[in-house]
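Peer 1: My questions all concern the structure below.
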Amino acid sequence: MDKLLEGYSRFRRDAWPHQRELYEQLADGQTPRLLVIACSDSRADPGQIFDVSPGELFVVRNVAALVPPYEQGEGLHGTSAAIEFAVQALGVKTILVMGHARCGGVRAAMDRSRWGTKSGAASQNLHFVNQWIDVLVPAVMALNTDDNEPCERAGVELSLANLMSFPFVAEKVEQGLLNLEGARFDIATGGLHLFNHARGWVRATPEPAA
């Protein structure tokens, strides 16, 4: 907590005076135009990567930046609820699914696809994690590779496909009111690759500084 409070002190001293008017406006409501579905990993913060101001992004983060298939059963659907709120209540115009290099959740899915319930850490007292990453396991198995990057990209592509299983998402996409995009951030280099079904994977410009 001490480190957090030190950071809060810097925020109040350095950032707040310049952003106070913005926060006063945001107190009346938010109007983000972009929903980012990102990994919970501490090394891949969307707000920092995209250098945005408060109020610009509506962000949901979970293990491996996964979107589950649409379902209406009883249960606690945290990611689905965030998607519904962003699309139906906030009216976002773009959904970006952002994975990243060296993702532990994707690696766990890779191990689980190879070794099943006997796979490393993902099978040891991580019941909720196992259930969650099982969403990704079939896509990883189809690749039949031990290379992380294709599997990380597959996770993004799977989540984009699953987004289209949400009726309210599919309807807005078909009406031209909502765009679906993917991305993969490279932690070691700062590089960013973007994806959509029309163009495939491309490197974002400008190139990251050396």
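The values are calculated or read from the model by the stated rules, or taken from the named source; none is laboratory data. The structure displayed is predicted, hence computed values, not measured ones. When we count neighbours, we look across all protein chains shown, and the Cβ atoms used for this are built from the backbone with ideal geometry, even at glycine.
Peer 1: Go through the stretch 156-210 residue by residue and tally those that are within 25 Å of F85 (Cα to Cα) and either in contact (Cβ under 8 Å) with a residue 40 or more places away in the chain or of a type in the set (G, A, S) (or both).
Peer 2: The first filter runs over the stretch 156-210 and keeps only residues within 25 Å of F85 (Cα to Cα), leaving 156-184, 194-197.
Restricting the remaining residues to those that are either in contact (Cβ under 8 Å) with a residue 40 or more places away in the chain or of a type in the set (G, A, S) (or both) gives 156, 158-163, 165-170, 172, 176-184, 195.
Residues in the stretch 156-210 being within 25 Å of F85 (Cα to Cα) and either in contact (Cβ under 8 Å) with a residue 40 or more places away in the chain or of a type in the set (G, A, S) (or both): 24 in total.
Peer 1: Could you tell me which numbered condition S42 fails, if it satisfies all but one of (1) among the polar types (S, T, N, Q); (2) free of Cβ contacts under 8 Å to residues at least 60 places away in the same chain; (3) part of a helix (DSSP H, G or I)?
Peer 2: The failed condition is (3).
Peer 1: Take the conditions out of contact with any helix residue (DSSP H, G or I) (no Cβ under 6 Å at 6 or more places or on another chain), surrounded by fewer than 12 Cβ atoms within 10 Å (Cβ to Cβ) and more than 18 Å from T79 (Cα to Cα) and apply them to P206. Does it pass?
Peer 2: Values: out of contact with any helix residue (DSSP H, G or I) (no Cβ under 6 Å at 6 or more places or on another chain): yes; surrounded by fewer than 12 Cβ atoms within 10 Å (Cβ to Cβ): yes; more than 18 Å from T79 (Cα to Cα): yes.
Criteria met by P206.
Peer 1: Right, another one. Among the residues in the stretch 48-58, are any closer than 19 Å to F168 by Cα and part of a loop (DSSP other than H, G, I, E, B)? Write out each step before concluding.
Peer 2: Step one: filter the stretch 48-58 for residues closer than 19 Å to F168 by Cα, giving 58.
Now restrict to residues that are part of a loop (DSSP other than H, G, I, E, B): none.
Checked against the condition, which is being closer than 19 Å to F168 by Cα and part of a loop (DSSP other than H, G, I, E, B), the stretch 48-58 yields no hits at all.
Peer 1: Being surrounded by fewer than 17 Cβ atoms within 10 Å (Cβ to Cβ) and out of contact with any Pro (no Cβ under 7 Å at 6 or more places or on another chain) is the filter here; which residues of the stretch 52-67 pass it?
Peer 2: Once the filter is applied, which keeps residues that are surrounded by fewer than 17 Cβ atoms within 10 Å (Cβ to Cβ) and out of contact with any Pro (no Cβ under 7 Å at 6 or more places or on another chain), the stretch 52-67 yields V52, S53, P54.
Peer 1: Scanning for something surrounded by fewer than 13 Cβ atoms within 10 Å (Cβ to Cβ), within 17 Å of Y70 (Cα to Cα) and more than 17 Å from the chain's Cα centre (by Cα), does the stretch 191-203 turn up at least one residue?
Peer 2: No, every residue in the stretch 191-203 fails to be surrounded by fewer than 13 Cβ atoms within 10 Å (Cβ to Cβ), within 17 Å of Y70 (Cα to Cα) and more than 17 Å from the chain's Cα centre (by Cα).
Peer 1: For residues in the stretch 158-180 being buried (at least 17 other Cβ atoms within 10 Å of the Cβ) and not aliphatic (A, V, I, L, M), which is farthest from the chain's Cα centre (by Cα)?
Peer 2: Residue satisfying both the conditions and the ranking: K172.
Peer 1: Out of the residues in the stretch 87-112 meeting the condition of being over 26 Å from A188 (Cα atoms) and touching a Pro at 6+ places or on another chain (Cβ under 8 Å), tell me which one is surrounded by the most Cβ atoms within 10 Å (Cβ to Cβ).
Peer 2: This residue is V92.
Peer 1: Here is a check on your reading of the model: is Y70 surrounded by 13 or more Cβ atoms within 10 Å (Cβ to Cβ) and either among the hydroxyl-bearing types (S, T, Y) or assigned to a loop (DSSP other than H, G, I, E, B) (or both)?
Peer 2: So Y70 fits the description; yes.
Peer 1: Something else: Out of Q30, Q72, which single residue is of a type in the set (S, T, N, Q), modelled with pLDDT under 95, farther than 19 Å from R184 by Cβ and under 25 Å from the mean Cα position of the chain (by Cα)? Walk me through how you get there before you give the answer.
Peer 2: Numbers: Q30 fails: modelled with pLDDT under 95.
Result: Q72 is the single residue among Q30, Q72 that is of a type in the set (S, T, N, Q), modelled with pLDDT under 95, farther than 19 Å from R184 by Cβ and under 25 Å from the mean Cα position of the chain (by Cα).
Peer 1: Residues in the stretch 1-26 that are within 26 Å of L96 (Cβ to Cβ) and not in a helix (DSSP H, G or I): how many?
Peer 2: Matching residues across the stretch 1-26 total 0.
Peer 1: Would you check which residues across the stretch 127-138 are under 15 Å from W115 (Cα atoms), crowded, with 18+ Cβ neighbours inside 10 Å and under 18 Å from the mean Cα position of the chain (by Cα) and list them?
Peer 2: I133, L136, V137, listed by residue number.
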